[in-house]
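Inspection log for the structure reproduced underneath, given as structure tokens.
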Amino acid sequence: MDNKQQKSKNLESKFLHTDRKSLVIGSVIATFIAMTPYLFYLYESVPDQPIWDTFLFTYESEYYESAFVVAWTLTGKIIPLLLLLVWFFTCRHWWYHSILVPIAMYTYQTFTTVNEDLGSVDSNQLKYLIPLMAIIVPTIYLIRARIFNKLNEATKSLQELEDELKVSPKSFWGKVKQYF
């Protein structure tokens with residue numbers, strides 16, 4: 001086998017390995033997304049009483065006075081949060097950082113729900129989101145302005161500009177580090 005055939009075989013082997021890996025990851029993500037309605041209705045297995053006793057733990061609902069209501073409220077916050085996280089980490093568009101705003105909102109609501117002593121779940125959350133929005137909104141506007149400046153200067157397509165702006169880390173933690 002000559003050198004050119006060996007390189008071709010190595011490239012084909014690498015492509016098949018990468019293709020299989022992305023197929024497995026895509027299948028796991030698609031299965032998770034398809035299961036979210038079933039995950040949401042897990043709250044129905046929680047009793048409608050203030051104290052929920054299981055073999056793992058005992059939960060006492062003080063603010064809501066019903067473990068069922070707490071479970072229903074948490075699934076209403078956690079399932080959209082998980083779907084937004086999947087969207088954020090799989091989005092390939094230039095505006096994907098704007099997804100951080102609803103992620104922050106649902107995260108705040110989840111922690112507020114868990115901490116019953118804070119009071120109402122959906123009150124005063126905007127004042128906690130303002131610093132995050134003060135960073136994200138101007139950043140997105142600057143990226144948008146940069147794209148339109150480049151479109152006006154040259155005859156590049158929008159896809160070429162997205163590819164130019166996109167930095168693709170190789171690992172999950174590399175992608176997380178890119179955002180924080």
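Numbers at a glance
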| quantity | calculated |
| --- | --- |
| Top-ranked residue in region 79-112 [being within 30 Å of Phe148 (Cα to Cα), surrounded by 14 or more Cβ atoms within 10 Å (Cβ to Cβ) and among the hydroxyl-bearing types (Ser, Thr, Tyr); ranked as modelled with the lowest pLDDT] | Tyr96 |
| Criterion (hydroxyl-bearing (Ser, Thr, Tyr) and over 28 Å from the mean Cα position of the chain (by Cα)) met by exactly one of Thr31, Thr36, Thr54 | Thr54 |
| Selection within region 59-83 - aromatic (Phe, Trp, Tyr) and part of a loop (DSSP other than H, G, I, E, B) | Tyr63, Tyr64 |
| Residue within region 113-123 that is closer than 28 Å to Ile29 by Cα and at pLDDT below 90 present | yes |
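The values are calculated or read from the model by the stated rules, or taken from the named source; none is laboratory data. All values reported here derive from a predicted model rather than from experimental measurement. Neighbour counts run over all protein chains shown; Cβ positions are idealised from the backbone, glycine included.
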